[in-house]
Amino acid sequence: MDNKKIGIVTVLYNSEPVLEDFFRTLNEQTYKNFILYLVDNASKDASVQKGYEYAKLVDFECKWLLQGGNLGVAEGNNIGIKAALSDGCDYILLSNNDIVLQADTIEKLMVGMNSMNVSMVVPKIYYWDEPKKIWMAGGGFQWLQFSTYHRGEDMEDKGQYNERMLIDYAPTCFMLIKASVFERVGFIDKKYFVYYDDTDFVWRAVKLGTEQLAYIPESILWHKVSSCTGGGMSDFSLHYSHRNHIVFASKYCHGIHRLVFVSYLIAHFLFRKLFLYNRHQLMLICRSYIEGYKLCKS
């Protein structure tokens, strides 16, 4: 099996509660040739202190990249990627830290990448609190909404997603990427800050570029979903997810497709969002749409 060096990049922001499992299960990996790059975005909790403590207990090398402020996940990943490339890493593994790995998660990703001869791969991901409930088994892009979807999301795993395959999209919460991809595709667009930054990167790499992304179901992990952003219904998540949906669509949705998308957005707001969210949340979503539009114009 290929034993080239992997640079694992993870971005911390108030990540203290999830770091113990992250360090422990990385240390149990059967694939050993990696360096962990920890980019801390000025965490206000004990993320760095605890991280240093856990780093003393593991067998792999850790490199800390401490930032003076919260630069966001997108730019945090860029900082880690550039450090790993500068150190001569052959692969970059973008990784959330709110995850728990099996001992062979990385090894099986490497085997799958080499077997399928692709430049980007992702594993099967389960919900942490429901170990056999699928969070993501690959994914794709939705034409009407100009957004993304996860295959098998919220379904019990009965083996229906056990086939390796090429896919159009997956989130970068655990994505192994050949270093050469960044020369061809570029880095992550930092204006997203968080959410849709990975959508934009994968769109450029797979839909507009020359890369192939594969789903490797033998490689699995568990994800503590949105544990560091307050959950999907928090003001933070609602703001950035809706703002950045507009940013993404404004960059890549053109012509008649843009008219269809805007019509869908209005209809979805009137006939669904009005019944799902309270007044405060609806106002927040509207402001986020406007901010996303202005951000693209500027």
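The values are calculated or read from the model by the stated rules, or taken from the named source; none is laboratory data. Predicted, not measured: the structure shown is a model, and the values here were computed from it. Cβ coordinates were reconstructed from backbone atoms using ideal geometry, including for glycine residues, and neighbour counts include every protein chain displayed. Keep in mind that these areas ignore ligands, DNA and RNA; they rest on the heavy atoms of the full protein, side chains included. Shrake-Rupley method; radii C 1.70, N 1.55, O 1.52, S 1.80 Å.
Condition (residue is small (Gly, Ala, Ser), crowded, with 16+ Cβ neighbours inside 10 Å and in contact (Cβ under 8 Å) with a residue 24 or more places away in the chain) applied to segment 180-203: is it met by at least one residue? Within segment 180-203, not a single residue is small (Gly, Ala, Ser), crowded, with 16+ Cβ neighbours inside 10 Å and in contact (Cβ under 8 Å) with a residue 24 or more places away in the chain.
Per the conditions (1) at pLDDT 95 or above; (2) in a strand (DSSP E or B), the sole criterion not satisfied by residue 131 is (1).
Remark: pairs (first residue in segment 3-19, without any contact (Cβ under 8 Å) to a residue 60 or more places away in the chain; second residue open to solvent by less than 10 Å² (accessible area, probe 1.4 Å) and assigned to a helix (DSSP H, G or I); Cβ separation under 7 Å; 6+ apart in sequence or on different chains) = 16/47. Put simply, of 259, 221 the only residue that is within 27 Å of residue 34 (Cα to Cα) and either part of a helix (DSSP H, G or I) or in contact with a Ser or Thr (Cβ under 7 Å, 6 or more places away or on another chain) (or both) is 221. Do we have residue 209 as more than 15 Å from residue 247 (Cβ to Cβ), at pLDDT 95 or above and not β-branched (Val, Ile, Thr) here? Taking the combined requirement at face value, the residue does not satisfy it. From the list 93, 36, 71, the one residue that fits, being surrounded by fewer than 21 Cβ atoms within 10 Å (Cβ to Cβ), under 18 Å from the mean Cα position of the chain (by Cα) and touching a residue at least 12 places away in the same chain (Cβ under 8 Å), is 71. For segment 134-161, the set of residues classified as open to solvent by 80 Å² or more (accessible area, probe 1.4 Å), assigned to a loop (DSSP other than H, G, I, E, B) and within 18 Å of residue 244 (Cα to Cα) consists of 143 only.
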